[in-house]
Amino acid sequence: MDMTQPKPIRRLDADTKLVPLPRGFHIPDSLPQDELPTTQESASFITAARDERPLVPTIDRMRIEQVSIDYANKRAVREVSLPVRQGEVLGLIGPSGCGKTTLLRSLNRLTELTKAAHLSGRITLDGTDISELEPTALRRRVTMLFQQPNPFPMSVFDNVAYVLREQAKRKPRRGALRPQVEEALAHAGLLDEVKDDLDHPALRLSGGQQQRLCIARALAARPEVLLLDEPCSALDPQSTKLIEDLIVRLREELAIVIVTHNLQQAHRIADHVAFMYLGELVEYAPAQRLFANPKQDRTREYVSGAFG
Amino acid sequence: MSATGAPIHLPADAPAWRLRDRLGLAFAWLTGLLFCAVCAAIVVFLVVQGVRYLRPDMLWTNPKVGFNQNETGGFLAEIIGTVLVTGTALVIAVPVGVGVAVWLTEYGRPRGLARVVESTVEMFAGAPSIVLALFGVIVFQAPFLAFLSATTQGHAYGKSFFAAGAILSLLALPIVVANVREGLRAIPDHVREASYALGKTKITTIRRVLLPAARPSVITGTMIGAGHVIGDTAIIVLLLGDTYTLQAVGHIPLLGALRGTDSTLTSFIYANAPTGDLNQPQKAYAAAVVLLAMVFLLNIVVDISGRKARELKWT
């Protein structure tokens, strides 16, 4: 047995029984004890093989073309070009302040809420320049999940129903929305945990459940692109695992971009990884290639933990 | 050892607390206890005196003319007056206060105007109520506002629930604004952004997410504001007419009452205090204990809504 190639952490789930898993998720019957990697080995995650997962046909949905973003007196993003594809997870990595979150937020024009931000270059969604789209319409198609779980201070049901209703309208009423709400919750793998009490206050759920509710809420808008800004950094390992599995599953039907500080996480779930440094795109490559064999020195230093 | 610096020597007999610190601690204890003692003395005095003179029938009889304090009835009209004038003031202060707070926190542009609005609200918070009352007297005697009060020979009387409520609302307004602003500021920005990221507009976000989230603060502000309104006397004496019973104007039920004059518990206490025009201390004590109970109830509501607000937390 080859001890240098431990199962990646994504497969480790000693206490699965405690947390209900999303629908359709298959738990390996057992993991032999000797297959569990030790702490030392898991640090060498770069050499670890990833889970086999179904190959999904990829479709270009968004293109970032020569995009630069300036704040009042600082250039946050410098001439970055990247494709965003349905069928794969794009991971944005890099040290703090390298512009990855700014780039992510520019994809649904959330950067515009910061008055001083100025964008040059072009971002397209299915060939249309996003600056020509209505921001509210764009943000339903390209929605975002945040670092901190932020359900609205209302019931689980109302959190999802809020998205389904047009702006501030109270109609359609509850009964009419129930199937759609339940579908969104099931989609995010939360329905089984909350179906008995959909009126439960969302802020009384656990952190991991709150974040999955936020995913359900985002999915209710039937988005085409899902942006994730360090969605697991406030969560415990088990919740992180549930959400990572969900992300990998969701990439089959929508394009996913994830910003993460956690290189293991990027390695576990991303198909392509873009490494950014000081606002520049240093390297963009398939995840396994970028981690195992980075072409650029700065990438090599970063993924081996030399800085950042 | 020498490279890391000399070890610090504390004298073995060094006192744990210096004298100045000990005096400070003693002073803090003393003032704290003194404050409690003064507060307790007032409450105990009022409750003992009040309960001694308060008879249940005072709560449902109006003041009337009599030869001694056993014959002069109760203060039903004053309780009604207190509730009605506080209600009128809050009906004005709460929507305006919430609107101002939302505009200041969520929009606040242009900056200059926001600053002007802010200092105006603060000015109301600091203005003596008698000054506001004097201003109200002039305003509500203006012919175009005559419909809000009684009119004699074409001259507006200028005293009514409308007049008193409107000016009293200026006392509650700064408190409502301050509390709602605090409630809105406590909502992290990413919650707003989450709503925008779902394609919602700013106004939808305010109506459906931010205001419901700030509801405990709205309630707290309303109740503390109500406490200030209930306790004010100057505006009542000058603008509510200070008649001992409710004198409605016209025959439309609620509207007539609101155009009419009355007293409240505070102005009743003012008139019946040993130094007042009527000098019926028993009535004053009885009314005082009822007023105290009302304010106490408001404080309980504030406490409960505060606890609710603390439950609502984003990580």
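Quick notes on this one:
- Counted residues, the range A:248-260 - those being hydrophobic (A, V, I, L, M, F, W, C) and either buried (at least 24 other Cβ atoms within 10 Å of the Cβ) or closer than 22 Å to A:G99 by Cβ (or both): 5
- Given (1) within 14 Å of chain A (Cβ to nearest Cβ); (2) surrounded by 19 or more Cβ atoms within 10 Å (Cβ to Cβ); (3) more than 28 Å from B:L297 (Cβ to Cβ), index of the condition B:F140 fails: (1)
Conditions tested, residue by residue: (1) open to solvent by 10 Å² or more (accessible area, probe 1.4 Å); (2) away from chain B (no Cβ under 11 Å); (3) in contact with a Ser or Thr (Cβ under 8 Å, 6 or more places away or on another chain); (4) modelled with pLDDT of 90 or more.
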| site | (1), (2), (3), (4) |
| --- | --- |
| A:N159 | no, no, no, yes |
| A:D197 | yes, yes, no, yes |
| A:C214 | no, no, no, yes |
| A:A220 | yes, no, no, yes |
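- Whichever residue in the range A:199-212 is assigned to a loop (DSSP other than H, G, I, E, B) and away from chain B (no Cβ under 12 Å) and, among such residues, is surrounded by the fewest Cβ atoms within 10 Å (Cβ to Cβ): A:D199
Residue-wise test of (1) closer than 21 Å to A:E65 by Cβ; (2) of a type outside the set (S, T, Y).
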residue: A:S239; (1), (2): no, no
residue: A:A270; (1), (2): no, yes
residue: A:L278; (1), (2): yes, yes
residue: A:N293; (1), (2): no, yes
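- Test: residue in the range A:105-117 that is away from chain B (no Cβ under 14 Å) and either at pLDDT 95 or above or on the phi > 0 side of the Ramachandran plot (or both): no
- Residues in the range B:194-216 that are over 27 Å from the mean Cα position of the chain (by Cα) and surrounded by fewer than 18 Cβ atoms within 10 Å (Cβ to Cβ) were compared, and the one that is farthest from the other protein chains (Cβ to nearest Cβ) is B:K202.
- Complete set of residues in the range A:128-146 that are open to solvent by less than 60 Å² (accessible area, probe 1.4 Å) and of a type outside the set (A, V, I, L, M): A:T128, A:D129, A:P135, A:T136, A:R139, A:T143, A:F146
- Complete set of residues in the range A:161-184 that are of a type in the set (A, V, I, L, M) and open to solvent by 60 Å² or more (accessible area, probe 1.4 Å): A:A176
The values are calculated or read from the model by the stated rules, or taken from the named source; none is laboratory data. Since the structure is predicted, the reported quantities are computational estimates derived from the model, not experimental observations. Using ideal geometry, Cβ is built from the backbone for each residue, glycine included, and neighbour counts are taken over all protein chains shown. The area values use the complete protein model at the heavy-atom level, side chains included, leaving out ligands, DNA and RNA. Shrake-Rupley method; radii C 1.70, N 1.55, O 1.52, S 1.80 Å.
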